[in-house]
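Have a look at the structure below, then the notes.
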Amino acid sequence: FAYFKFPFDEAWRKRLKDAENEARRSGRGLWRREPYPVVGAADAGRRLGEIVAVRFRCLRSFKRGGFRVLEADGAAFDAVIPLDVIKAFPGSLDFDGRTLEATGLIELYKERPQVQIGVPVQLKRID
(Lines give C-alpha, C1' and ligand atoms only; values in the text may rest on other atoms or scores of the structure.)
Protein backbone atom coordinates (compact mmCIF):
# COMPACT_ATOMS: atom_id res chain seq x y z
CA PHE A 1 0.00 0.00 0.00
CA ALA A 2 2.21 2.78 1.29
CA TYR A 3 5.32 1.78 -0.61
CA PHE A 4 3.90 0.01 -3.66
CA LYS A 5 2.94 3.03 -5.71
CA PHE A 6 4.37 6.43 -6.27
CA PRO A 7 3.76 8.94 -4.88
CA PHE A 8 3.78 7.12 -1.55
CA ASP A 9 0.59 7.26 0.47
CA GLU A 10 1.81 9.18 3.53
CA ALA A 11 -1.12 8.14 5.73
CA TRP A 12 -0.40 4.43 5.12
CA ARG A 13 3.35 4.95 5.44
CA LYS A 14 2.83 6.55 8.86
CA ARG A 15 0.47 3.75 10.01
CA LEU A 16 2.94 1.06 8.91
CA LYS A 17 5.87 2.87 10.55
CA ASP A 18 3.89 3.24 13.80
CA ALA A 19 2.99 -0.47 13.71
CA GLU A 20 6.65 -1.38 13.09
CA ASN A 21 7.81 0.80 15.98
CA GLU A 22 5.24 -0.78 18.32
CA ALA A 23 6.28 -4.30 17.24
CA ARG A 24 9.94 -3.42 17.84
CA ARG A 25 9.14 -1.96 21.28
CA SER A 26 7.09 -4.97 22.36
CA GLY A 27 9.32 -7.61 20.73
CA ARG A 28 6.62 -9.00 18.42
CA GLY A 29 6.81 -10.49 14.93
CA LEU A 30 10.18 -10.07 13.24
CA TRP A 31 11.48 -8.29 16.33
CA ARG A 32 10.61 -11.05 18.78
CA ARG A 33 13.29 -11.58 21.34
CA GLU A 34 14.65 -15.06 21.80
CA PRO A 35 14.08 -17.67 22.87
CA TYR A 36 11.65 -18.65 20.18
CA PRO A 37 9.08 -21.30 21.09
CA VAL A 38 10.40 -24.84 20.62
CA VAL A 39 8.08 -27.21 18.75
CA GLY A 40 8.43 -30.78 17.58
CA ALA A 41 8.78 -31.61 13.89
CA ALA A 42 5.26 -33.10 13.85
CA ASP A 43 3.86 -29.69 14.87
CA ALA A 44 5.85 -27.60 12.38
CA GLY A 45 3.10 -27.71 9.74
CA ARG A 46 0.70 -26.02 12.16
CA ARG A 47 3.13 -23.11 12.63
CA LEU A 48 3.43 -21.91 9.01
CA GLY A 49 4.53 -18.30 8.79
CA GLU A 50 5.86 -18.29 12.36
CA ILE A 51 9.43 -18.09 13.58
CA VAL A 52 10.04 -21.04 15.89
CA ALA A 53 12.75 -23.50 16.86
CA VAL A 54 11.92 -26.99 15.55
CA ARG A 55 13.48 -29.86 17.48
CA PHE A 56 13.89 -33.06 15.47
CA ARG A 57 15.99 -36.18 15.02
CA CYS A 58 17.73 -36.10 11.65
CA LEU A 59 16.92 -39.29 9.75
CA ARG A 60 19.30 -38.44 6.92
CA SER A 61 20.97 -35.55 5.17
CA PHE A 62 21.37 -35.31 1.42
CA LYS A 63 22.10 -32.84 -1.37
CA ARG A 64 19.17 -31.52 -3.42
CA GLY A 65 20.04 -28.86 -5.97
CA GLY A 66 22.01 -26.15 -4.21
CA PHE A 67 20.97 -27.29 -0.72
CA ARG A 68 21.85 -29.79 2.00
CA VAL A 69 18.52 -31.19 3.25
CA LEU A 70 18.18 -32.48 6.82
CA GLU A 71 15.13 -34.76 6.87
CA ALA A 72 13.28 -35.29 10.15
CA ASP A 73 12.78 -38.84 11.36
CA GLY A 74 9.09 -39.75 11.64
CA ALA A 75 7.65 -36.38 10.62
CA ALA A 76 7.13 -34.27 7.52
CA PHE A 77 9.75 -31.58 8.18
CA ASP A 78 13.07 -30.55 6.66
CA ALA A 79 15.76 -28.06 7.54
CA VAL A 80 17.51 -26.87 4.38
CA ILE A 81 20.92 -25.26 4.18
CA PRO A 82 22.24 -23.57 1.03
CA LEU A 83 25.56 -25.16 0.06
CA ASP A 84 27.36 -21.82 0.24
CA VAL A 85 26.11 -21.39 3.83
CA ILE A 86 27.08 -24.88 4.95
CA LYS A 87 30.72 -24.00 4.19
CA ALA A 88 30.56 -21.56 7.12
CA PHE A 89 29.55 -24.25 9.64
CA PRO A 90 32.19 -24.96 12.26
CA GLY A 91 33.02 -28.49 13.32
CA SER A 92 31.52 -31.78 12.20
CA LEU A 93 28.72 -31.89 9.66
CA ASP A 94 27.60 -35.32 10.85
CA PHE A 95 23.85 -34.68 11.27
CA ASP A 96 22.43 -38.16 10.66
CA GLY A 97 20.92 -39.65 13.82
CA ARG A 98 21.47 -36.44 15.80
CA THR A 99 18.84 -34.39 17.59
CA LEU A 100 18.87 -30.88 16.15
CA GLU A 101 17.07 -27.60 16.62
CA ALA A 102 16.45 -25.47 13.53
CA THR A 103 15.27 -21.91 14.21
CA GLY A 104 13.59 -19.83 11.55
CA LEU A 105 10.47 -19.09 9.55
CA ILE A 106 8.33 -22.15 8.83
CA GLU A 107 7.50 -22.31 5.11
CA LEU A 108 6.03 -24.95 2.81
CA TYR A 109 8.08 -26.54 0.04
CA LYS A 110 6.26 -29.17 -2.01
CA GLU A 111 3.71 -29.61 0.80
CA ARG A 112 6.44 -30.17 3.45
CA PRO A 113 7.13 -27.63 6.19
CA GLN A 114 10.73 -26.48 6.30
CA VAL A 115 13.10 -23.95 7.82
CA GLN A 116 15.82 -22.52 5.61
CA ILE A 117 19.08 -21.99 7.47
CA GLY A 118 20.86 -18.80 6.43
CA VAL A 119 23.47 -18.58 9.19
CA PRO A 120 25.04 -21.30 11.36
CA VAL A 121 23.48 -20.02 14.62
CA GLN A 122 20.06 -21.08 13.31
CA LEU A 123 21.01 -24.76 13.67
CA LYS A 124 21.95 -26.20 17.03
CA ARG A 125 23.00 -29.76 17.76
CA ILE A 126 21.27 -30.97 20.92
CA ASP A 127 23.13 -34.30 21.25
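What the table below lists for this structure:
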{"read-out": "The chain: relative contact order in percent, alpha carbon pairs under 8 Å with at least 6 residues between", "value": "21"}
{"read-out": "Probe 1.4 Å, accessible area per residue of the chain, Å²", "value": "64"}
{"read-out": "Cβ-based net charge around PHE67, under 15 Å, with every Lys or Arg adding one and every Asp or Glu removing one", "value": "+3"}
{"read-out": "Extension gain (nm, one decimal) between ALA19 and ALA88, 0.36 nm per residue minus Cα-Cα", "value": "21.3 nm"}
{"read-out": "Within the accessible area of the chain (1.4 Å probe), percent carbon and sulfur", "value": "54"}
{"read-out": "Ordering of 78-87, 50-59 by packing [mean C-beta count within 10 Å, highest first]", "value": "50-59, 78-87"}
{"read-out": "Long-range lysine pairs (8 or more apart or interchain), the chain, Cα under 26 Å", "value": "8"}
{"read-out": "Net charge, LEU100 excluded, C-beta distance under 14 Å - Lys, Arg +1, Asp, Glu -1", "value": "0"}
{"read-out": "Rounded tilt (10° steps) of 10-26 against the dominant C-alpha axis of the chain", "value": "50"}
{"read-out": "Around VAL85: net Lys/Arg minus Asp/Glu count, Cβ-Cβ under 14 Å", "value": "+2"}
{"read-out": "Helical mean residue ellipticity (222 nm; -39500 (n - 2.57) per DSSP H run of 4+; nearest 500) of the chain", "value": "-5000 deg cm²/dmol"}
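The values are calculated or read from the model by the stated rules, or taken from the named source; none is laboratory data. Fair warning: this is a prediction, and the values are worked out from it, not measured in the lab. Every residue, glycine among them, receives a Cβ derived from its backbone with ideal geometry; neighbour counts consider all protein chains shown. The area values use the complete protein model at the heavy-atom level, side chains included, leaving out ligands, DNA and RNA. Shrake-Rupley method; radii C 1.70, N 1.55, O 1.52, S 1.80 Å.
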